[in-house]
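S.K.: Just dropping this structure here.
What follows draws every value from the coordinates through simple rules; no lab data is involved. Keep in mind that this is a model prediction, so the values were computed, not measured. For neighbour counting, all protein chains shown are included, and Cβ atoms are generated from backbone atoms with ideal geometry for every residue, glycine included.
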Amino acid sequence: MTGNNEKTRVTIAYGDGIGPEIMAATIEVMNAAGAQLEYDEIKIGQDVYLKGQESGMEPGAWEILRRNKIFLKAPITTPQGGGYKSLNVTVRTTLGLFANVRPCRAYTPYVESYFPKMDLVVIRENEEDLYAGIEHQQTNEVVQCLKLVSRPGCEKIIRYAFEYARAYGRKKVTCMSKDNIMKLSDGLFHKVFDEVAKEYPDIESNHFIIDIGAAMLADRPEMFDVIVTLNLYGDIISDITAQVAGSVGLGGSANVGENFAMFEAIHGSAPDIAGKDLANPSGLLHAACLMLVHAGQPKVAEKIMNALLKTLEDGIHTGDIYSEKLTTQRAGTKAFAQAVIERLGQAPQHLAAVQMGENAQPIEVKLTPSRAKAKRLLGVDIFLDWTGEHRDPRELGQLLESLTGDQLQLSMITNRGVQVYPGGFPDAFCTDHWRCRFVARQSLHGTHRSHNMAPDVIYYDIISLLQRLMSAGLNFIKLENLYEIDGKRAYSVAQGA
Ligand code: NAD
């Protein structure tokens, strides 16, 4: 919105199940609060999927989404059975929505929660990691899913988390990763976090390994403020946080990119209570408030959030948060929305009121330009589909030793990451999927092919090795080149090596 009361056009979708009821309630509250918005509706969800649109979105919807740039989405029902693409993943990746932001706080004593002081935000990377959807079955027995993590992807989300902390007066950003195991991919995330954290000395920063981090979240969520993490971990821990806050029906989330943003409740379409005027509209209302801040209307968001808190404090509760002790009026969706509307302009008496700066702005991040790095090819991992007579690693090892040629030599074979040749335990269980590592013959003795730092290995060495493997009847399924980048080994070593 601009300062002259020009309305912002946003795209809305009513979705499935309880979607239409909570969207109607949300729009009524926003309009009553003076939101300067105009709405363009698109159809998404179950009916659209069943009509044969595999993305779950009607044709023409993309054009509206691209034009308006802001999308408020009610939950949808994904039909059972295969073949339907996740609408959320499609929208996130197509519109470059790299940050998934989920604020999560307790509303004790007005909504029961074990953790009365819990008030945290999970900021999840939304585009990379195992969600790139690159999967292959490579042998009878083995499938793989590629985990892709990029430096710009890490930097974008991590800077976003620190900028968010500054913008919202938060004190600490915690990184969660599994870099004790995935030293390169999660290691990159942690490394970029440490680099970026140094630029924000006013914000405290720390790191947890994701397993203990998730355990602490379930047990002591009050110790966290802003959490930034990779896609899969973020998906899991944001549900843990919503659950332990005691209020799945209350939370909203923002999916934000450089040009587009999508806002939604964290819960699903709740078909069990659809059409009964039972649903709690607070999650979508909360999402709408995140949207209003994004649209440059922070004071309207503040007004709605405070009226919502006052409604909860006054004991007006939908069935999902009903408590014999705390509820004064059990309300349906419509009555709850009316109660919020009646309280617009009021502030909560006991719960901390929400305060938004007049000029609260969408968060912008600037990336460090990427710098060219020296890259040398040191060898290759060739993956084979092989069983032999008895799946004996020594049989495969000896066969490969006889095929290596003058330039390359076999340095090891692993099966599911565990070194089985040379050495290895004879009882180790082996699948039909073997990673065979070849390096420059000289490099095992510590010298290079030439003195002018030319790559130790050239593609031709690899191609001629592959030809020899093929002539010997071996079945290769893929290659991974082994690089040294900026003077550092840029690949993992085997477990047990
Ligand atoms: P759900 O979140 O819809 O429901 C879980 C439980 O919480 C149900 O008992 C439901 O009645 C209750 N609940 C949820 N929201 C509520 C609200 N606002 N007020 C009161 N009670 C509420 O999860 P589910 O049952 O696993 O999924 C149902 C459908 O929703 C599935 O098709 C799923 O794919 C879809 N889903 C969609 C989204 C989305 O569109 N973003 C997210 C999650 C699930």
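S.K.: Can you return the lysines within cross-link range of Lys73? Criterion is Cα-Cα under 18 Å, with same-chain partners fewer than 8 residues away left out.
M.R.: Partners found: Lys43, Lys85.
S.K.: Which order do peptides 99-109, 392-402 fall in by mean Cβ count within 10 Å, highest first?
M.R.: Details: 99-109: 22.1, 392-402: 16.9.
Packing proxy ranking, top to bottom: 99-109, 392-402.
S.K.: Which angle from 0 to 90°, rounded to the nearest 10, does the C-alpha axis of helix 151-167 make with the longest principal axis of the chain?
M.R.: 30
S.K.: Here is a further query. How high is the FRET efficiency between Asp211 and Lys172 when r is their beta carbon distance and R₀ equals 25 Å, given to the nearest 0.05? Walk me through the numbers on the way to the answer.
M.R.: On the way: r = 20 Å, r/R0 = 0.81.
Efficiency, rounded to the nearest 0.05: 0.80.
S.K.: How much length, in nm to one decimal, is gained on full extension between Lys117 and Asp40, taken as 0.36 nm per residue of separation minus their Cα-Cα distance?
M.R.: Numbers: separation 77, 0.36 × 77 = 27.72 nm, distance 3.87 nm.
So the extension gain works out to 23.9 nm.
S.K.: When the Karplus curve 6.51 cos²θ - 1.76 cosθ + 1.60 is applied with θ = phi - 60°, which whole-Hz ³J(HN,Hα) does each residue of the range 342-355 get, with x for Gly and Pro?
M.R.: Once rounded to whole Hz, the list reads 4, 9, 4, x, 9, 10, x, 8, 10, 5, 5, 6, 8, 10.
S.K.: Just to be sure I understand: of the beta bridges DSSP finds with both ends in the chain, what percent are antiparallel, rounded to 5? Present the calculation step by step, with values, prior to reporting the outcome.
M.R.: Values: 49 of 78 bridges.
Bridges in the chain are about 65 percent antiparallel.
S.K.: With a Förster radius of 35 Å, plug the Cβ-Cβ distance of Glu324 and Val89 into 1/(1 + (r/R0)^6) and report the FRET value to the nearest 0.05.
M.R.: 0.30
S.K.: Just to verify a number: FRET efficiency for Ser492 and Glu342, C-beta to C-beta distance, R0 = 45 Å, to 0.05? Don't jump to the answer; show the numbers that get you there.
M.R.: Values: r = 60 Å, r/R0 = 1.34.
Efficiency computed from Cβ-Cβ geometry: 0.15.
S.K.: Neighbour counts of other C-beta atoms within 10 Å: give me Phe438, Phe189, Phe98 arranged from fewest to most. Each step should come with its number before you reach the end.
M.R.: Numbers: Phe438 26, Phe189 29, Phe98 23.
The fewest-first ordering by Cβ neighbours comes to Phe98, Phe438, Phe189.
S.K.: Let me ask something else about it. State the extension gain, in nm to one decimal, for the chain segment bounded by Leu146 and Asp219, taking 0.36 nm per residue of separation less the distance between their alpha-carbons. Spell out each step's value before the answer.
M.R.: Numbers: separation 73, 0.36 × 73 = 26.28 nm, distance 3.19 nm.
My answer for the length gained is 23.1 nm.
S.K.: Hey, another quick one. Calculate, in nm to one decimal, what Leu399 and Lys299 gain on full extension: separation in residues at 0.36 nm each, minus their alpha carbon distance. Don't skip to the answer; put the middle values down first.
M.R.: On the way: separation 100, 0.36 × 100 = 36.00 nm, distance 7.25 nm.
Working it through step by step, the gained length comes to 28.7 nm.
S.K.: Let me ask something else. Taking only Cα atoms, what is the 0 to 90° angle, nearest 10, from helix 210-219's long axis to the longest principal axis of the chain?
M.R.: 30
S.K.: Can you run phi through the Karplus equation (6.51, -1.76, 1.60; θ = phi - 60°) for the range 186-200 and list ³J(HN,Hα) in whole Hz, with x for Gly and Pro?
M.R.: 5, x, 5, 4, 5, 4, 5, 4, 4, 5, 5, 4, 4, 7, 10
S.K.: What order do you get for Phe260, Phe476, Phe425 when you list them from fewest to most C-beta neighbours inside 10 Å?
M.R.: On the way: Phe260 20, Phe476 16, Phe425 11.
Placing the least packed residue first, the sequence is Phe425, Phe476, Phe260.
S.K.: Also, I was wondering about something else. Taking 8 Å as the Cα distance limit and 6 or more residues as the minimum spacing, I'd like the relative contact order of the range 375-489 as a percentage. Spell out each step's value before the answer.
M.R.: Details: 189 pairs, mean separation 51.5, N = 115.
Value for the range 375-489: 45 percent.
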